[in-house]
Amino acid sequence: MTRTITVRGHGVAPARPTEALLTLEVAAVRATAAEAFAEAATRNAALDALCERLGIAAAERTTTSTSVHEYREQPDEPVSWRASYSTTVRLHDPELAARLLREAVEEVEARVAGGPWWRVGADDPARLDACRLAAADAERRATVFAEALGLRRAALIRAVEVGASDLGEPRSPRASLGMLYSEAELRPGTAEVSAAVDVAFELEGGE
């Protein structure tokens, strides 16, 4: 009977994020649902125009939500209607992200609904570095387990990638309007990418 051992190797490599996701919301409050929706649509069109002017392609912009609902700022106020559009923009330049954030608030009265969330590119070399580290970690683990059992790690039988991910909490600072007027600076910092692999080896010795 062939004796085997299966271990999971993990690898983590540092990387500089190359993409930022930023969600902007434009909204309007009016006396009727139709008026609110029309005004929100106008502001959404203005946000699109701003993105076009900044060179952000339509393919990098996604409408992530739209809504129309009754709205009261205070319980004793008459009912109004609030309509909104949310757009998530993918950017590859931190300076452009900061400019979009500032000008969207100043010119379109947009609200920062989320982000920026920083991502590492799919083709970043750090992802392969994480894979190499995961494979090496699996070999070390298998060797240690085998030796602890009085055996030797032998031939590789199977290797299956478990998955890869970006590590760390999303960094999504909320910017005040005052900060936006004083040239907001967005810093991607350093992220980490991870990889994991399940590896099975034959075991020898211990007869």
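Since every read-out is calculated from the coordinates, none of them should be taken as a lab result. Bear in mind that the values here come from a model prediction, so they are computed numbers and not experimental data.
Overview of values
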{"quantity": "Among Glu103, Glu19, Glu70, residue whose mean-square fluctuation peaks in a GNM of the chain (springs only between Cα atoms under 10 Å)", "calculated": "Glu70"}
{"quantity": "Phi-based couplings in Hz for the range 40-53 (Karplus 6.51, -1.76, 1.60; Gly and Pro marked x)", "calculated": "4, 5, 5, 5, 5, 5, 5, 5, 4, 5, 5, 4, 4, 5"}
{"quantity": "Nonlocal amide H pairs with Glu19, under 5 Å, H built at 1.01 Å", "calculated": "Arg119, Gly121"}
{"quantity": "Degrees between helix 94-108 axis and first principal axis of the chain (Cα, 0 to 90, nearest 10)", "calculated": "20"}
